[in-house]
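Q: Just dropping this structure here.
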Amino acid sequence: SSKFWSASELQTFLTIIGENHIQEELDGMVRNEKVFKEVSQRMAAEGFQRTSEQCRAKLKKIMKSEGQQRPEGKWAKYIKVLRCTGCYL
């Protein structure tokens with residue numbers, strides 16, 4: 001389980017996280033393991049092996065690096081900005 005996320009892997013992750021139903025489930029949830037399990041399974045379907053915990057940690061790292069721990073309902077806008085800036089964390 002590599003710590004490095006390739007550009008294509010990160011793009012896939014952001015695409016999945018950016019989907020409306022995923023955002024709705026994440027927005028305001030404290031216990032969101034179920035959501036990250038779904039993200040992990042979707043990543044696996046695209047050929048990327050990441051655990052739900054790795055997915056949660058990646059999103060947390062991205063959010064922290066941008067100084068926004070909780071964007072409060074602005075997931076879509078945030079993900080769009082990340083895509084446009086070519087963020088490769």
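Q: Identify the residue in the range 23-45 that is assigned to a helix (DSSP H, G or I) and touching a residue at least 40 places away in the same chain (Cβ under 8 Å) and, among all such residues, is nearest to ALA57 (Cα to Cα).
A: The extreme case among them is LEU26.
Q: Looking for whichever is hydrophobic (A, V, I, L, M, F, W, C), at pLDDT below 85 and open to solvent by less than 80 Å² (accessible area, probe 1.4 Å) here; the options are TRP75, TRP5. Which one fits?
A: Checking each option against the conditions leaves just TRP75.
Q: Please enumerate the residues belonging to the range 23-51 that are modelled with pLDDT of 95 or more, open to solvent by 80 Å² or more (accessible area, probe 1.4 Å) and among the charged types (D, E, K, R).
A: Correct list: LYS37, GLU46.
Q: Which of the residues that make up the range 8-22 are of a type outside the set (Gly, Ala, Ser) and either in a loop (DSSP other than H, G, I, E, B) or open to solvent by less than 70 Å² (accessible area, probe 1.4 Å) (or both)?
A: Across the range 8-22, the qualifying residues are GLU9, LEU10, THR12, PHE13, LEU14, THR15, ILE16, ILE17, GLU19, ILE22.
Q: Further question: Within 13 Å of TRP5 (Cβ to Cβ), within 12 Å of the chain's Cα centre (by Cα) and either modelled with pLDDT under 90 or open to solvent by 20 Å² or more (accessible area, probe 1.4 Å) (or both): does that describe GLN54?
A: yes
The values are calculated or read from the model by the stated rules, or taken from the named source; none is laboratory data. Small disclaimer: the values here were computed from a predicted structure and weren't measured. Quick reminder, even Gly has a Cβ in these numbers, built from the backbone with ideal geometry, and neighbours come from all protein chains shown. Calculation scope for accessible area: heavy atoms of the full protein, side chains included, ligands and nucleic acids excluded. Shrake-Rupley method; radii C 1.70, N 1.55, O 1.52, S 1.80 Å.
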